[in-house]
Amino acid sequence: MHAPLARKVAPVVYFIGLTAALAGLLFGLDVGVISGAQQFIQKDFSIQDWTLESIVSALLWGAVFGTVISGYLSSHFGRRKTILISALIFTAGSLLCAFSPSADLLLGARFILGIAVGVASFTAPLYLSEISPQSVRGSMISMYQLMITIGIVIAFLSDTWLASYATFGGMVGGHWRVMLGIIALPSVVMFVGVLFLPESPRWLFLKERKSDALDVFRRMKLEAREIDMEVHEIEESLRVKQNGFRMFASNSNFRRAILLGVGLQMIQQLTGINVVMYYAPQIFKIAGFTTTEEQMWGTVLVGLTNVLATFIAIALVDRLGRKPIMYAGFAVMGSAMIAVGCIFKSDIEHNPGLGYPAIGALLFFIVGFAMSAGPIIWILCSEIYPNSGRDLGVTFSTSTNWVVNAIVGQTFLTLLATIGNGNTFLLYGGLNALFIVFFLLYVPETKGVSLEHIEANLLSGLPLRKMGR
């Protein structure tokens, strides 16, 4: 096989990558926007905490369903058309949210919006991985992940402006309908942009449309030698038939990998990250920041920290390895959550100065997550499955992520009300400490190890933690 070529990539390739990565931006916008909108929703509809939790988590349950159907949609209709479908659902769901006359209908609209999130979170990275030239494949996929964090920040900024400054119809602040509905605009932009994108060459090969696939490569301005390399890689990968269900039923070693992937995704969500992302204004309120403006700007600070700290993982993951960074991340996240819990258990109402160290610890937690569990769990889940069962493995792990995400979103306010503010954060701090033990016992170090070698070690029956040897 030829060595990769080092030459300037055509601008059309970056246009394709940026347009497809808009799905990540919409993903981030929809996840982030509810944080600032929920207090106004609760006031408008006069709903209890449990109903508010259900509205927050409805999007996540919808994402579970969207993830499950994505495999069929992307296989039957193609990656490009499936992204177009997700854009239409994004638009419809956003508008339904904005015009919902009751809490029940808003919950249903959020579920519909979640379907779009699930479809996009499955299909857009798949499309990017299949259409990107080898020389920029890593950066294209990383662009999608980065766009998610940027979308969350934009949502937080938009919420802050709408909550504090914007005027609509003679009313100032609290425009949750605009917060939720405005996402329809980037959805339309993505739909129009994707209309100009080519189909995935790999999908075209799957449908025995080789000449169309070659036309896509030429449209991307690839040279003849690069096209030969891409065609060779696709034809080699298609020789490996996906038989995940058969492997799951007959191969205990494959089931071990599935369980590991499920465990890793449960860990990512149980670190407590989405407690912070979904309920940041409430946390800032507990910390003594009582005005809406203070709470919303604090939320923006959380989002910016998340974006910037992500670059730590990008810089270090292939130098230091997966497990050392994860151990550091768990130590940071666990100590930060315990610190927040201890401060919240103290008499913070009569010691307002304690609010600042509490928020400092919270930002410390965000840094720990963004540099470790955020990106590295996804990296590990892309590495541990045998090639012939990778589709099923990724479906299992992605669905688990959304299910546990929804459970976390639907229980946080209840935990605050039942076991208290401080104990809730101490609980998440203790879980992070336990996750270190899980990584010591079960998780392999995969840095610098080929996927083929990891697969051979797994199927030979080696313990999971030794798969990377």
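Some notes on this structure:
- For the chain, the Cβ-based charge dipole about the Cα centre amounts to some 1020 debye (Lys, Arg positive; Asp, Glu negative; other atoms uncharged).
- Estimated dipole of region 244-469 in Debye, rounded to 20 [Cβ of Lys and Arg +1, of Asp and Glu -1, Cα centre]: 760 debye
- Ordering Val119, Val231 from the fewest to the most neighbouring beta carbons within 10 Å gives Val231, Val119.
- Label selected from (1) 22.5, 72; (2) 24.4, 84; (3) 22.0, 78, the criterion being Rg and Dmax of the Cα atoms in Å as computed here: (1)
- Computed on region 187-319, the Cα convex hull volume stands at 231 Å³ per residue.
- Taking a ≥ b ≥ c as the square roots of the Cα gyration tensor eigenvalues, region 326-469 comes out prolate, since a/c reaches at least 1.5 and a/b is larger than b/c.
- Gain on full extension, evaluated as 0.36 nm per residue between Phe438 and Ala456 minus their Cα-Cα distance, stands at 4.2 nm.
- Label-to-label distance, Ser250 versus Trp161, with points set 7 angstrom from Cα along the beta-carbon direction: 5.8 nm.
- Each of Ser94, Ser335, Ser102 was scored by other Cβ atoms within 10 Å of its Cβ. Listed from fewest to most, they are Ser102, Ser335, Ser94.
- With an a/c value of 1.5 or above and a/b larger than b/c for the gyration tensor axes a ≥ b ≥ c computed over the alpha-carbon atoms, region 21-81 is described as prolate.
- The order of Met179, Met266, Met147, going from fewest to most other C-beta atoms within 10 Å of their C-beta, is Met266, Met147, Met179.
- Amide proton proximity set for Phe289, modelled H, under 5 Å, gap of 5+: none
- Hydrodynamic radius by Kirkwood, which averages 1/r over all alpha carbon pairs of region 382-425, in angstrom: 12.5 Å
- Karplus-derived 3J(HN,Hα), 6.51/-1.76/1.60, for each residue of region 178-185, Hz, glycine and proline x: 5, 3, 7, x, 5, 5, 4, 5
- Cα-based Lys proximity count in the chain, under 19 Å, for pairs eight or more positions apart or on separate chains: 11
- Think of it as helices only: each DSSP H run of n ≥ 4 in the chain is worth -39500 (n - 2.57), and spread over all residues that comes to -26500 deg cm²/dmol at 222 nm.
- The length gained on full extension between Val231 and Asn351, counted as 0.36 nm times the residue separation minus their Cα-Cα distance, comes to 36.6 nm.
- Convex hull per residue volume in Å³, alpha carbons only, for region 9-197: 108 Å³
We did not get these values from a lab; they are worked out from the coordinates using the rules stated. Keep in mind it's a predicted model, so treat the numbers as computed, not measured. Every residue, glycine among them, receives a Cβ derived from its backbone with ideal geometry; neighbour counts consider all protein chains shown.
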